[in-house]
Amino acid sequence: MAYPVTYDVETQLHDRNRFTVFFRIILAIPHLILVGGPAFALGCGWGFHWGSSGILGIVAGVMAIIAWFAILFASTHPRGLWDFVRYFMSWRARAVAYMALLRDDYPPFGEGAYPVTYDVAYPDMPRNKWSVGLRIFYVIPHIVVLFFIGIAWFITAVIAWFAILFTGSYPASLYPFAIGYLRWSLRVESYLLLMRDEYPPFSLDP
């Protein structure tokens with residue numbers, strides 16, 4: 001069955017904007033401050049989230065901690081807390097695609113049209129209390145694997161940066177890997193933030 005957190009990016013390989021690609025890290029600073037950047041080569045557990053997710057990510061992390069207690073002791077995930085985390089993750093999903101050089105369109109601040117899709121449904125009740133209670137431990141295998149995949153992605157992103165500057169195109173062979181890495185890491189982050197209880201697949205695929 002398909003995992004209930006989906007992520008995809010509309011392909012943009014050719015006729016890239018070399019100027020914005022060259023200055024991408026500078027142009028992305030406002031989004032980096034607010035929602036962070038791609039979470040490669042980071043620590044485990046909450047450090048994976050807080051180490052890469054900006055000011056709003058810290059707020060989302062606090063809300064996830066509150067939701068953790070609410071689920072364990074009151075058997076409910078307050079909808080307002082979940083909705084804010086979804087808002088944050090949707091914004092973050094668009095921003096990291098821009099930072100990862102997958103798109104040249106500047107992402108909107110907050111909600112807005114953008115050629116990136118991130119979708120997750122509010123989880124069915126009752127929640128899996130064992131999964132929620134031990135979430136920080138369950139996520140460690142993914143963090144370990146993503147550490148190494150993230151390093152590989154970073155190398156390919158540097159290659160793509162030079163390729164765009166010299167040829168005006170993102171290498172077609174590297175594009176699916178970049179999307180797959182972001183998809184995997186965003187699924188794990190959504191799981192860590194208690195948005196769903198289904199265990200994320202060890203996969204780059206949709």
Karplus-derived 3J(HN,Hα), 6.51/-1.76/1.60, for each residue of segment 161-171, Hz, glycine and proline x: 4, 5, 4, 5, 5, 9, 10, x, 9, 8, x
Compute the long axis of helix 175-192 from its Cα atoms, compare it with the longest principal axis of the Cα atoms of the chain, and write down the angle in degrees, 0 to 90, nearest 10. 20 degrees
Round to a whole angstrom and tell me the spacing of the C-alpha centers of segment 150-206 and segment 88-120. 13 Å
Charged-residue dipole, Cβ positions (Lys, Arg, Asp, Glu), segment 12-192 about Cα centre, Debye nearest 20: 200 debye
Write out the chymotrypsin sites (Phe, Trp or Tyr not before Pro) in segment 74-162 meeting two conditions: DSSP loop, and at most 15 other Cβ atoms within 10 Å of their Cβ. F109
What is segment 105-206 by shape, rounded, prolate or oblate, if you read a ≥ b ≥ c off the alpha carbon gyration tensor as root eigenvalues and call it rounded for a/c under 1.5, prolate for a/b larger than b/c, and oblate otherwise? oblate
Using a 7 Å offset from Cα along Cα-Cβ at F23, what residues in segment 152-174 end up with backbone N under 17 Å from the label point? 165
Calculated from DSSP helices alone, with each H run of at least 4 adding -39500 (n - 2.57) and the total divided by the residues of the chain, [θ]222 nm to the nearest 500 comes to -17500 deg cm²/dmol
Which is farthest toward the positive dipole end of segment 12-192 among P115, L56, I164, measuring Cα position about the Cα centre, with Cβ charges +1 (Lys, Arg) and -1 (Asp, Glu)? L56
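FYI, it's all coordinate maths here, none of it is from the lab. Everything numeric here is computed off the predicted structure, so don't read it as measured data. Neighbour counts are summed over all protein chains in view; Cβ atoms, including those assigned to glycine, are modelled from backbone coordinates with ideal geometry.
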